[in-house]
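First up is the structure itself, then whatever we jot down about it.
The values are calculated or read from the model by the stated rules, or taken from the named source; none is laboratory data. Values in this document were obtained by computation on a predicted structure and should not be read as measured data. Positions of Cβ are backbone-derived with ideal geometry, glycine not excepted, and every protein chain shown enters the neighbour counts. Surface areas here come from the heavy atoms of the whole protein model, side chains and all, with no ligands, DNA or RNA. Shrake-Rupley method; radii C 1.70, N 1.55, O 1.52, S 1.80 Å.
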Amino acid sequence: MSLDVLGITVLWIFLYGYLIVASIDFGAGFFAFYGKLTGKDHIINALISRYLSPVWEVTNVFFVFFFVGIVGFFPDTAYYFGTALLIPGSIALILLAVRGSFYAFGNYGSKDNIIFLFLYGSTGLLIPASLSTVLTISEGGFLEESGGKVIFLAKELFSSFYSWSVVLLAIVSVLFISAAFLTYYADRAADVEARGVLRKFMLSWSGPTILASLLIFISLKGHNPVHFENALNYWWMFALSLFFFFVATYLVYRKRNYGTAFIAVMLQFFFAFFGYGVSHLPYIIYPFITIQESVVNPTMGTALVIVFIAGLFLLIPSLLLLMKLFLFDAEYIKGKK
Amino acid sequence: MPELDNVMLSRMLTGMTLIFHIIFATIGVGIPVMISIAEFLGIRRKDPYYTLLARRWARGFTITVAVGVVTGTIIGMQLSMLWPSFMRVAGQVIALPLFMETFAFFFEAIFLGIYLYTWDRFKKPIYHWLLTIPIMIGSSASALFITTVNAFMNTPQGFDLVDGKTVNIDPIAAMFNPATPSKVFHVITSAYATSAFVLAAIAAVSYLLGRRGVYQAKALRLTIVSALIFSLGTALAGDISAKFLAEHQPEKLAAAEWHFETEKGADLLLYGILDENNEVKHAIRIPKALSFLAGNSFDTEVIGLNDFPEDEHPPLWVHYMFDLMVTIGMYMVAVPGIFILMWRVKKWNEFNKPLLWAVAAGGPLAMLAIEFGWIYAEVGRQPWILRGYMKVADAATHGEGVGLAFALFAILYLILAILTVVVLLKMFKRNPAEAEFEERYGEGTAK
Ligand code: HDD
Ligand code: HEM
Ligand code: HEM
């Protein structure tokens with residue numbers, strides 16, 4: 001595998017990792033707030049906090065890994081995005097900051113403060129919306145280069161049908177993934193009441209998820225026909241994605257195998273995300289930057305790959321330990337430890 | 001007044017974010033060490049007071065870590081957004097330690113998550129203590145890696161610049177540049193020292209407020225002894241840093257010392273003012289001490305600012321930053337020294353009011369020394385962003401809205417600062433140490 005493909009694959013895998021763990025976190029924040037509003041907080045909030053408390057910082061590192069990795073592997077991308085996205089980027093950062101710190105303030109400090117919970121819940125939906133626009137911008141049509149400057153065409157972005165359908169997909173997917181995971185978690189905790197509430201969430205967000213995905217396809221055809229054509233070449237990946245969606249929804253509907261159902265959700269997004277990614281290539285930012293042109297020099301690239309592999313040897317066992325203690329330890333999940 | 005163009009605004013925003021981040025980063029590097037020491041003592045001496053110390057510090061730490069993480073995430077992205085041309089070069093040459101840093105973060109975050117939620121889950125308490133090791137490694141390693149990047153900005157090496165393109169890249173040489181050893185040593189020791197002092201200050205304040213139990217006394221003694229050791233390390237590392245500067249970055253040392261003419265037997269100046277002819281007035285002069293600081297001998301030749309072109313002189317006000325840092329450094333050795341002396345000599349009482357006030361002041365002062373030190377190091381690098389290769393003025397973004405971003409982040413940091421303090425105060429007021437001790441370890445022993 002050449003360095004550019006290897007680099008983008010590594011980054012894409014971590015972005016996928018972030019997509020899953022962050023969605024669980026973002027959605028959980030929303031459900032916690034919603035639970036408080038509808039008086040169901042005593043049912044689900046303790047469960048949610050038991051999962052989130054030990055892992056939220058790890059979730060954030062996935063994100064940091066991605067943007068540090070992209071500066072390392074594809075320095076030119078950072079240059080383009082950095083120049084163009086100062087304001088939107090700053091807003092996304094402020095939302096992330098509000099969310100992370102208010103989670104800590106609310107959870108370890110002033111328990112059950114409704115304002116902290118509101119900010120925590122609402123940023124959970126705003127952040128995916130704003131982060132997803134970076135992917136939208138990479139489709140082309142929203143950046144202009146003139147006289148050595150990169151200009152971001154905000155008006156075009158806000159009036160684009162495609163851009164809004166991406167935002168919609170981002171939000172509903174977050175809720176869907178999160179609900180699927182929490183249903184499984186509640187099941188492990190043998191918390192029938194919470195499971196019932198979360199299972200309904202999961203089922204009610206399944207329809208919108210699939211509709212929003214279809215909408216993306218339709219609007220992508222209008223926005224970037226080249227990418228759309230490319231995506232059709234990988235139709236089987238999207239078909240697999242759809243298949244796993246049906247598996248997951250069916251299992252949850254029949255109230256069985258919640259664990260398998262969540263794995264199916266992960267596979268659903270895995271195939272859709274990689275289908276999207278591979279058909280996007282060779283462009284990182286259409287039509288300015290391709291992976292071949294922007295890849296870092298081979299010396300640095302090799303060094304990064306070596307460090308990456310060494311890092312995985314540390315990371316994977318540690319992550320497994322974390323999961324063993326907080327995800328697969330039924331006693332902990334039940335709140336007995 | 002310099003005009004508020006993109007360069008100026010980008011510098012202000014970068015500086016503001018870093019000045020805010022470093023408070024929490026310093027705590028993030030140092031407190032795990034203190035927690036680890038306390039928990040270890042608790043297990044070794046079977047003394048629940050130390051265990052309770054570790055527990056309570058860890059609980060407060062959850063709040064500061066969160067702010068450290070979010071501000072760190074901000075500065076990480078801001079570097080690309082505000083200094084895109086710099087990061088383009090940096091990405092080619094110095095991405096390696098930045099990338100390694102993310103693994104250090106992973107390591108720290110994972111084990112911190114486990115540590116905080118497994119206090120009573122292990123059969124043997126020592127297993128829980130073992131978790132502090134990867135946390136300390138993770139946070140100190142992240143300080144190490146990011147400091148190599150900053151060291152690289154001061155003494156870049158490991159590449160050649162040909163027609164604006166970087167060639168002959170050697171990531172290892174870039175990482176282990178001449179500034180790395182002294183900088184890393186000084187940054188890490190000062191983070192440990194400052195954290196110990198902050199904790200000592202908290203204990204001193206609660207003692208002064210009338211909580212005079214065994215808990216506070218033990219906390220004070222432990223933190224003061226640690227503070228002395230780490231402060232001595234900091235001073236040693238500072239001395240090494242000065243010698244590094246004299247050899248590799250003489251203009252920075254010269255600016256800090258208002259040292260214009262290259263000479264042997266140079267005097268050390270403390271404070272004072274500089275008049276319009278660059279004459280120093282009202283300064284305390286220590287004969288030949290600068291030469292000693294620069295090279296361990298009273299007749300070392302110290303290069304002066306006049307050997308450098310005028311437009312490469314750093315701003316001269318960094319002199320005060322340097323002096324304040326060094327003064328606080330002396331203070332941080334003296335106060336714990338006196339405390340320990342009074343503790344050892346039986347007829348003296350180390351818990352006297354003036355001394356406790358001095359300890360209490362030491363916490364904020366130590367944090368100020370960190371800020372002064374960094375401002376000195378960063379402003380003293382001006383006008384370079386990559387010394388000798390790229391000037392700050394050529395590296396800033398051309399994008400719009402830096403001023404707006406500055407305002408937004410200023411508001412954010414203000415709110416975060418206030419809430420951090422409020423939440424921490426609430427957390428510990430609601431649950432005083434004595435009450436928690438009774439609740440966990442039963443009757444009688446507290447007080
Ligand atoms: C508790 C904080 C603290 C204390 C007491 C001191 N320092 Fe310091 N100093 C720092 C915290 C710090 C720092 C924040 O860690 C800096 C900023 C950049 C760096 O590398 O370390 C620094 C930078 C710094 C530099 C510039 C290094 C460079 O740019 O490469 C020098 C020469 C010194 N220090 C010297 C000293 C001396 C002689 C001290 C006498 C006791 C001293 N420092 C005390
Ligand atoms: C965390 C402690 C740090 C503090 C408090 C700090 C402080 C500052 C300040 C005050 C400035 C503005 C200087 C001026 O404009 O005159 C600045 C600039 C800058 N710093 Fe640091 N700094 C820190 C660490 C670092 C590190 C580790 C890096 C490397 C990754 C770094 C990279 C930069 C860059 C790129 C600039 C902008 C260019 C410039 O003004 O020279 N800083 N910093
Ligand atoms: C020498 C000065 C610095 C030190 C000692 C330092 C140390 C730390 C530490 C210990 C943390 C973990 C949070 C905590 O435990 O409180 C942290 C967070 C972070 N820092 Fe800094 N930092 C410094 C400067 C910088 C700079 C210049 C950058 C930008 C490249 C940066 C990027 C980050 C990021 C991205 C995080 C968040 C990591 C996460 O998600 O866990 N830091 N820093």
* Structure fact -> Phi angles of the range A:181-191, converted by Karplus (6.51 cos²θ - 1.76 cosθ + 1.60, θ = phi - 60°) into ³J(HN,Hα) in whole Hz with x for Gly and Pro, give 5, 5, 4, 4, 5, 5, 5, 4, 7, 6, 9
* Heavy-atom accessible area per residue, chain A, 1.4 Å probe: how many Å²? -> 40
* To do: Determine, from the Cβ-Cβ distance of B:Ile240 and A:Phe118 and an R0 of 51 Å, the FRET efficiency 1/(1 + (r/R0)^6), rounded to the nearest 0.05.
  => 0.50
* Asked: Scanning chain B for helices, which whole DSSP H stretches are 15 Å or more long along the axis (Cα) and average 0.5 or more by Kyte-Doolittle?
  -> B:6-44, B:48-82, B:95-116, B:132-154, B:180-208, B:214-248, B:318-344, B:353-379, B:402-429
* Sequence-distant or interchain residues sharing an amide H contact under 5 Å with A:Ile289, placed H: which? -> A:Ile284
* **Kirkwood Rh (inverse of mean 1/r, distinct Cα pairs), the protein assembly as shown, angstrom** => 28.1
* List the residues whose amide H sits under 5 Å from the amide H of B:Met390, counting only those 5 or more places along or on another chain, with H placed 1.01 Å from N in the peptide plane. => B:Ile385
* Would you mind pulling out the separation of the Cα centroids of the range A:230-268 and the range B:364-404, in Å? => 50
* To do: Grab the alpha carbons of the range A:13-87, take their convex hull, and tell me the volume per residue in Å³.
  => 97
* Hey, rough spin-label estimate for A:Leu37 and B:Glu247, points 7 angstrom out along Cα→Cβ, what's it come to in nanometres? -> 6.4
* How much net charge surrounds B:Ile240 when only other residues with a Cβ under 15 Å from its Cβ are counted (Lys, Arg +1; Asp, Glu -1)? -> +1
* Asked: How large is log10 I(q)/I(0) at q = 0.11 Å⁻¹ when the Debye formula is applied to the Cα atoms of chain B, each weighted equally and without solvent?
  -> -0.94
* Using the Kirkwood radius over Cα pairs, work out the Stokes-Einstein diffusion coefficient for the range B:215-286 at 10 °C and 1.306 mPa s, in µm²/s as a whole number. => 106
* For labels at B:Asn306 and B:Ile284 in the simple 7 Å Cα→Cβ model, what's the distance in nm? -> 2.8
* Asked: Ignoring ligands, DNA and RNA, what percent of the 1.4 Å accessible area of the range B:1-119 is carbon and sulfur?
  -> 67
* Modelled FRET efficiency - R0 56 Å, A:Val226 with B:Asp170, Cβ distances, 0.05 increments -> 0.90
* To do: Quick one: grab Rg to one decimal and Dmax as a whole number for chain A, Cα atoms only, in Å.
  => 20.2, 63
* Phi-based couplings in Hz for the range A:308-317 (Karplus 6.51, -1.76, 1.60; Gly and Pro marked x) -> 4, 5, 4, x, 4, 4, 7, 6, 5, x
* **Per-residue [θ]222 nm for chain A (sum of -39500 (n - 2.57) over DSSP H runs n ≥ 4, rounded to 500)** => -28000 deg cm²/dmol
* Asked: Based on Cα positions only, what radius of gyration and what Dmax would you give for the range B:353-447, in angstroms?
  -> 22.6, 67
* Take every Cα-Cα distance within the range B:45-163, group them into 5 Å bins from 0 onward, and report for each bin the whole-number percent of pairs it holds. => 2, 9, 16, 19, 14, 11, 9, 7, 5, 4, 2, 1, 0, 0
* **Pairwise centroid distance, computed over Cα atoms, of the range B:39-88 with the range A:39-85, Å** => 17
* Return the subset of B:Lys243/B:Lys264; B:Lys183/B:Lys391; B:Lys243/B:Lys281; B:Lys353/B:Lys426; B:Lys124/B:Lys218 for which the Cα-Cα distance in this structure is over 20 Å, preserving the input order. => B:Lys183/B:Lys391; B:Lys243/B:Lys281; B:Lys353/B:Lys426; B:Lys124/B:Lys218
* Could you pull the Cα extents of the range B:192-332 along its three principal axes, largest to smallest, in whole Å? => 59, 30, 27
* Can you work out the FRET efficiency for the pair A:Leu214 and A:Ser159, with r the C-beta to C-beta distance and R0 = 22 Å, to the nearest 0.05? -> 0.55
* Asked: 222 nm [θ] for chain B, helices only, -39500 (n - 2.57) per DSSP H run of 4+, per residue, to 500?
  -> -24000 deg cm²/dmol
* the range B:140-222 - Rg (one decimal) and Dmax (whole number), Cα, Å -> 21.1, 68
* From the phi of every residue in the range A:244-250, what ³J(HN,Hα) in whole Hz does the Karplus formula 6.51 cos²θ - 1.76 cosθ + 1.60 yield, where θ is phi - 60° and glycine or proline is x? -> 5, 4, 5, 4, 4, 5, 4
* To do: Multiply the residue separation of B:Met330 and B:Asp299 by 0.36 nm, subtract the distance between their alpha-carbon atoms, and state the gained length in nm to one decimal.
  => 8.7 nm
* Asked: In 5 Å bins starting at 0, how do the alpha-carbon pair distances of the range B:1-53 split up by percent?
  -> 5, 18, 14, 11, 10, 9, 8, 7, 6, 6, 5, 3, 1
* Charge tally in the Cβ shell below 14 Å around B:Gly401, where Lys, Arg are +1 and Asp, Glu are -1, B:Gly401 excluded -> -1
* Structure fact -> Ratio for the range A:83-206, C-alpha Rg to 2.2 N^0.38 Å, reads 1.33
* Asked: Assuming a viscosity of 0.692 mPa s and a temperature of 37 °C, what translational diffusion coefficient in µm² per second does Stokes-Einstein assign to the range A:1-157, Rh being the Kirkwood radius over Cα pairs?
  -> 191
* Structure fact -> The computed P(r) of the range A:229-337 puts the percent of Cα pairs beyond 20 Å at 67
